[in-house]
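The values are calculated or read from the model by the stated rules, or taken from the named source; none is laboratory data. Everything quoted here is computed from the prediction, not taken from an experiment. Here the Cβ positions follow ideal geometry from the backbone for every residue, glycine too, while neighbour counts run over all protein chains shown. We work out accessible area using only protein heavy atoms, side chains counted, and drop any ligands, DNA or RNA first. Shrake-Rupley method; radii C 1.70, N 1.55, O 1.52, S 1.80 Å.
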Amino acid sequence: MGVTELFGSGLWTLLSYVVPFLFVLTIVIFFHELGHFLTARLCNVKIDAFSVGFGRAIVSWFDRHGTRWKIGWLPLGGYVSFRGDSSVASTPDRAVLEEAAKDPVEASQLFHNKPLGQRAAVVAAGPFANFLVAILIFAATFMVAGRQIVPPVAEAVQPDSPAAAAGMMPGDEIKSIDGRTIESFSDLQRIVGTSAGRPLTVVVLRNGQTVELTVTPAIREIEDRFGGKHRVGVLGITRSGQDGVRVERYGPIGALWEGTKQTWFVITSTLGYVRDVIVGTQGAEQLGGPLRIAQMSGEVAGVSFLALLNLAAVLSVSIGLVNLFPIPILDGGHLLYYAIEGVRGRPLSARAQEVGFRVGMALVLMLMLFATWNDLLHFELFSF
């Protein structure tokens, strides 16, 4: 292969990852910031800028309200800038606030002068927009492609497995786990996979009669298609063959409900992973950054556009949830400040808020560096 062909092949490979990555990231960022933006407009907040990406603008324009819309050259974030902000983290600019105080109309349009409830609504709207987008994407998937339903029947029970120890037998149909109805084998895998080491009450249907068993999933490390290693809970059963397998499509209402359930599952799974990292049952090496997301985007885009949209939905939920963590500089940190303000009857001092934002910035930067380091190790760019 000549130099030209080699360069062209490398460029095409790079684009096959970069383009899907930017597509996914733009969806997540745009709708997150749009949630802030629309809620702020409803609250009559003066908005200076709406940006997808950071740095110098590639494209920009002004709308009729005087808001500058722009796309920055570094597409790894975004922000909505309100009049009176001193940074993209919406820290207040005291000089602007004092100047605006001379004009009651101008002062009433500043975000930092709005009632506590309106400020909290504007901040919370970003993460919840991420959740709403995910619900709609999942719902569209259930309407267009449907969902494959594999009967939750144990075709075989592995010897010396948790299922065998609990008395589960081949042919058992799992009806519920800890009171949650099981409709398909994927429902079973979701619950068991996030419940390693925790006793579960499993109700099975055997020869027309219900039997209640207590099963504690074992921990197993598996490798996904992207090379990531995960510790999951397993029972030690295999699913039935193609008998009874069907594809179920949903109408608008049913699809929205299924989309909501899928979104809730991503939320609980993410929180469960964070909990497991804290208690030590999961490794933090699973935490990925931009490189891993780019790899996943490229691989998934090769499957189908619908699969790429579903990845965007999963990332949208994750980004929305992470933004609700009570870390100053994130949306959750602002909400924490507002909660303290509600209890105290007055906001924290400017000095206290500034210190909090700096600590939050340091934590976020350390998290980003750690995730990127994990990515480098994942791609074996460094070895020891």
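Across segment 140-157, the residues whose backbone nitrogen lies under 18 Å from the label position 7 Å along the beta-carbon direction of Glu248 are 140-154. Near Leu348: Cβ cut-off under 10 Å, other residues only, Lys/Arg at +1 and Asp/Glu at -1. The net charge is +1.
Could you order peptides 55-61, 31-37, 233-239, 178-184 by the average number of other Cβ atoms within 10 Å of their residues, highest first?
Going by the mean number of other Cβ atoms within 10 Å, highest first, we get 31-37, 233-239, 178-184, 55-61.
How far is helix 252-279 tilted, in degrees, relative to the longest principal axis of the Cα atoms in the chain, given as a value from 0 to 90 rounded to the nearest 10? Computed tilt is about 90 degrees.
Proximity of backbone amide H atoms, modeled 1.01 Å from N, is registered between Asp85 and Asp93 at under 5 Å, excluding neighbours fewer than 5 places apart on the same chain. Relative to the dominant Cα principal axis of the chain, helix 3-42 is inclined by about 70°.
Once the Cα-Cα distance is subtracted from the 0.36 nm per residue extended length, the Thr372 to Glu99 segment shows a gain of 94.0 nm.
When the Cα positions of Ile182, Ser304, Ala255 are compared along the charge dipole of the chain, Ala255 comes out farthest toward the positive end, with charges on each C-beta of Lys, Arg, Asp and Glu.
Taking the longest Cα principal axis of the chain as reference, the axis of helix 350-378 is set at about 40 degrees.
Under the 0.36 nm per residue contour assumption, what length would be gained going from the current alpha-carbon distance of Trp69 and Val211 to full extension? Don't skip to the answer; put the middle values down first.
On the way: separation 142, 0.36 × 142 = 51.12 nm, distance 6.09 nm.
Contour length minus Cα-Cα distance gives 45.0 nm.
In summary, the lysines within cross-link reach of Lys175, defined as a Cα separation below 25 angstrom excluding same-chain residues under 8 places away, comprise Lys261. At a probe radius of 1.4 angstrom, the accessible area of the chain per residue rounds to 54 square angstrom.
Within the accessible surface of the chain, defined with a 1.4 Å probe on protein heavy atoms only, the carbon and sulfur portion equals 64 percent. Placing unit charges on the Cβ atoms only, positive for Lys and Arg and negative for Asp and Glu, gives the chain a dipole magnitude near 860 debye about its Cα centre. Placing +1 on the Cβ of every Lys and Arg and -1 on the Cβ of every Asp and Glu, with nothing else charged, gives segment 109-203 a dipole about its Cα centre of roughly 680 debye. Here is the list for segment 64-116: trypsin sites (Lys or Arg not before Pro) lying in DSSP coil, each with at most 10 other C-beta atoms within 10 angstrom of its C-beta, are Arg64, Lys102.
Candidates Ala294, Thr39, Val144 compared by Cα position along the dipole of the chain: farthest toward the positive end lies Thr39, with charges placed on Cβ.
In the set [x] 208; [y] 126; [z] 173, the label that goes with volume of the Cα convex hull per residue in Å³ computed for this structure is [x]. Coupling constants for segment 55-67 follow from the phi torsions by the Karplus curve (6.51 cos²θ - 1.76 cosθ + 1.60, θ = phi - 60°), and in residue order they are x, 4, 6, 7, 9, 8, 7, 10, 8, 5, 8, x, 7 Hz; glycine and proline get x.
Note on Val19 and Phe62: the model spin-label points, each 7 Å out from Cα along the C-beta direction, lie 3.6 nm apart. Each Lys and Arg adds +1 at its Cβ and each Asp and Glu adds -1 at its Cβ; summed about the Cα centre, segment 148-219 shows a dipole of about 140 debye.
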